[in-house]
1. Given the pairs Lys256/Lys323; Lys141/Lys211; Lys323/Lys349; Lys211/Lys349; Lys163/Lys211; Lys33/Lys256, which span a C-alpha to C-alpha distance of over 23 angstrom in this model?
2. What residue among Asn185, Asn39, Asn151 shows peak mean-square fluctuation when the chain is described by a Gaussian network model with Cα springs under 10 Å?
3. Tell me which of Leu269, Ala299, Ala22 sits at the most positive position along the dipole axis of the chain, charges placed on C-beta atoms (Lys, Arg +1; Asp, Glu -1).
4. In nm, what is the difference between 0.36 nm times the number of residues separating Leu34 and Ala142 and their Cα-Cα distance?
5. Accessible area of the chain with a 1.4 Å probe: how many percent of it is carbon plus sulfur?
6. With a point put 7 Å past each Cα toward its Cβ, work out how far Lys211 is from Leu272 in nm, to one decimal.
7. What are the ³J(HN,Hα) couplings of region 336-348, residue after residue, when phi is run through the Karplus curve with 6.51, -1.76, 1.60 and θ = phi - 60°? Round to Hz, x for glycine and proline.
8. Given H placed 1.01 Å from N in the peptide plane, which residues other than close sequence neighbours of Arg297 have an amide H under 5 Å from its amide H?
Amino acid sequence: MTILVTGGAGFIGSNFIIDWLAQCDEPVLNLDKLTYAGNLENLSSVRGDPRYAFVQGDIGDRALIEGLLQRHRPRALINFAAESHVDRSIHGPGEFIQTNIVGTFNLLESVRAYFASMNDAEKSGFRFLHVSTDEVYGSLKASDPAFSETNRYEPNSPYSASKAASDHLVRAYHHTYGLPVLTTNCSNNYGPFQFPEKLIPLMIVNALAGKPLPIYGDGQQIRDWLYVGDHCSAIRRVLDAGRLGETYNIGGWNEKPNLDIVHSIIDLLDELRPRQDGQSYRQQIAYVTDRPGHDRRYAIDAGKIERELGWRPVETFESGIRKTVQWYLDHAEWISNVQSGAYREWLDKNYSGRDA
Ligand code: NAD
Ligand code: DAU
């Protein structure tokens, strides 16, 4: 028995692989293109583990995927591979269409051929689990109920539109071809190994470097925050017991405005690594021009996964953010290694001339 994980060198995928190998002995094959967001250093703790293997490649490469499926005969494929950053999708949507839509289509086609080659016992055990996002549901007003699995899809960014398209393809391959699929739509993850282009790691890294902490617009946009370890346990649970063709929303029951998130980080840094001048990191907050088309509020109703599969997050925001800040404080070398020239170019592209 083997599982195939795509995008396993990214933030959530690498946490998932480490967690998987800590929980069970089933081997993992990790296929990742190693874009700017893929980092094999995230997986240094499992390098050399005989249960773990890595292949560099693109989910859009049909010959490669079909060859891997035939050779390794996995009993599940978990698709994390994606272009995942909303701001990058605004600057350049092309890669998002290619990987998130065409790449997922390609995986589905490859798996369809592989599934047809299975015997009945293999077919009944096989799963294609597609990892998606709450952003496909669009933006909520303050008084709206949280997203449930029956909410209409109303994606607003090129990123969320590309994820929505991939979700529709996954659904269609179940209805049309009987592929045993599962889709999860989760909220904002945070935790170790998150690339410092996303809010939480960017704020920690910028604070420690004495740089501005850029708050888009008024900082009152709301997200639900899910500790990555909880996301990994939810995916394992859906893989084990999810009903075929169903979607499951995964959230942390932690709705918070961005500014509160930044203040929590600052309070922790003021406590754990105070600035040398005795001032608070609050001094570094800088309001900048808002993200175009910025969704105002996401909130997840994670009631279905709790009722049907008995899953609930174990981390509170307070415990999760403390662990996360401590992890970044303890991993200065990891931070320094991800700040390549390409990373600095990105910061320049997204933030220069953006003062509010
Ligand atoms: P990430 O950007 O950190 O990692 C993505 C990984 O996919 C990288 O390792 C990258 O090299 C790989 N990849 C990109 N294009 C590829 C391709 N064509 N072929 C093979 N590999 C490719 O992303 P993440 O934050 O770990 O997100 C993982 C998944 O979870 C994504 O599908 C994302 O849409 C979804 N998601 C993320 C969050 C979040 O808060 N981070 C929340 C909800 C859903
Ligand atoms: O909701 C799930 C989604 O969460 C995932 O599908 C995406 O892959 C993931 O990137 C994340 O998207 P967001 O756009 O919500 O995450 P990001 O960390 O980019 O931004 C979080 C909020 O913080 C958002 O309202 C924008 C704001 N922000 C972000 C950055 C990078 C700032 O105010 N300043 C910043 O510099």
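The values are calculated or read from the model by the stated rules, or taken from the named source; none is laboratory data. Note that the structure is a prediction, hence the values are computed from the model and not measured. Using ideal geometry, Cβ is built from the backbone for each residue, glycine included, and neighbour counts are taken over all protein chains shown. These area figures cover heavy atoms from the full protein model, side chains too; ligands, DNA and RNA do not enter into them. Shrake-Rupley method; radii C 1.70, N 1.55, O 1.52, S 1.80 Å.
1. Numbers: Lys256/Lys323 18 Å; Lys141/Lys211 33 Å; Lys323/Lys349 31 Å; Lys211/Lys349 16 Å; Lys163/Lys211 32 Å; Lys33/Lys256 33 Å.
Beyond 23 Å between Cα atoms: Lys141/Lys211; Lys323/Lys349; Lys163/Lys211; Lys33/Lys256.
2. Result for the chain, Cα springs under 10 Å: Asn151 fluctuates most.
3. Result: Ala22.
4. Values: separation 108, 0.36 × 108 = 38.88 nm, distance 3.84 nm.
Result: 35.0 nm gained on full extension.
5. 50 percent
6. According to this spin-label approximation, the distance is 2.0 nm.
7. Coupling constants for region 336-348: 5, 5, 7, 8, 6, x, 5, 5, 5, 4, 4, 4, 5 Hz.
8. So Arg297 has HN proximity to Leu140, Ile222.
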